[in-house]
Amino acid sequence: MSRLTINRSGEMAVFAKVVELGGFSAAAKVCCMTPSAVSKLVQRLEERLGVRLVNRSTRRLQLTAEGCAFYERVVRILADIDEAERSAGAGETPEGRVRLNVSASYATHALMPVLPEFLAEFPSVSLDILQTDAVVDLMAERVDIAVRAGPLKTSSLIARKLGTTSMTIVGAPAYLDRFGVPQTIEDIEAHNRLSHSYARAIDGWPLLSNAEQIALPPTERVRVSDGEGLRQLALAGVGLVRLPTFTVREDIRAGRLLPLVEHLNPGDAETFHAVFLGQGGALPSRVRVVLDFLARRARISSS
């Protein structure tokens, strides 16, 4: 049978319902088909693809690994079809749901303060915001846009720069009153240096020593999975932290945290990018307006 005579999007829609509703009978009711017709459709789909998509039993239906991967792609394809039809029929009015992956620090200090503006400007766009400093697989997690800090690895992702921030070592006044204000590298070594619990591009705190850069390893007593958690520990007087300046800027202005050993700062910076999957075609309008908004209103800077 010619591909032109196969309603592939219709098959995908039925398959998606089978997965989402957990069986042929439930999908048949929604799709106005008989259970046997749905079963035969899935069987034809498997034969054409040359893989088994579901394992069938009398009690339940279970996706194979190939079925899971196919379902993830089907969901994206059907969403793109819906978006294309909405765009053609509604003057490309942005509509739909966008899934964002951002760090807790970026969410707290850059995104959340301006989010009401976005929601007011694009009332038909909904957002799912996943906060984690971990690098997630955009395809596997069905993420449309991820905001990442630091150097980007070579990949198929497309990146849009959101700005650059300097790095600053800070401590709370109460902590410094108890343990002293460090002036030298030796002083810093005597302090509790809080760290991330995941691998960083640079292993340790970069500092200048006799005009050369060294990396001072943090202490291991407390490690945290995100930068915002480190900031909260610093505010509580647990120890010193080294964080992007934009995350502690207001704390410094308010005197809640004090910048330390600036003369030992090598001046390194951290660049933020919005990354997304792209195949060379136009982005859905719902994704494009989020990207444009991040670049316009949720940029990163040290000032």
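General observations
- Number of residues in the stretch 44-59 that are under 36 Å from the mean Cα position of the chain (by Cα), farther than 15 Å from residue 25 by Cα and not basic (Lys, Arg) equals 7.
- Single residue of the stretch 111-145 satisfying the filter (touching a helix residue (DSSP H, G or I) at 6+ places or on another chain (Cβ under 7 Å) and assigned to a helix (DSSP H, G or I)) that is farthest from residue 160 (Cα to Cα): 117
- Verdict on residue 114 being surrounded by fewer than 16 Cβ atoms within 10 Å (Cβ to Cβ) and at pLDDT 95 or above: yes
- Annotation note: Cβ proximity below 9 Å between a residue of the stretch 79-104 that is at pLDDT below 75 and a residue that is of a type in the set (A, V, I, L, M) (sequence gap 6+ or interchain) occurs for 83/287.
- The lone exception for residue 236 - which of (1) modelled with pLDDT of 90 or more; (2) surrounded by 12 or more Cβ atoms within 10 Å (Cβ to Cβ) it fails: (2)
- Being in the same structural domain as residue 183 (by TED's automatic domain parsing), among the acidic types (Asp, Glu) and in contact with a helix residue (DSSP H, G or I) (Cβ under 6 Å, 6 or more places away or on another chain) is true of residue 228.
- First in the stretch 170-199 and over 20 Å from residue 232 (Cα atoms), second anywhere and surrounded by fewer than 13 Cβ atoms within 10 Å (Cβ to Cβ), Cβ under 7 Å, 6 or more apart: 185/209
- Here the stretch 151-196 is the region considered, the condition is being surrounded by fewer than 12 Cβ atoms within 10 Å (Cβ to Cβ), modelled with pLDDT under 90 and of a type outside the set (Lys, Arg), and the residue that is nearest to residue 106 (Cα to Cα) is 151.
- Those residues of the stretch 12-27 which are within 21 Å of residue 79 (Cα to Cα) and more than 31 Å from the chain's Cα centre (by Cα), in sequence order: 27
- For the stretch 3-12, the condition holds for no residue, the condition being that it is in contact with a helix residue (DSSP H, G or I) (Cβ under 7 Å, 6 or more places away or on another chain), at pLDDT 90 or above and part of a loop (DSSP other than H, G, I, E, B).
- Considered as a group, the residues in the stretch 273-303 that are part of a strand (DSSP E or B) and within 29 Å of residue 77 (Cα to Cα) include one that is modelled with the lowest pLDDT, and that residue is 277.
The values are calculated or read from the model by the stated rules, or taken from the named source; none is laboratory data. On a predicted model such as this, the values are computed, not experimentally measured, just so you know. A quick note on method: Cβ atoms are made from the backbone with ideal geometry, for glycine too, and the neighbour counts reach across all protein chains shown.
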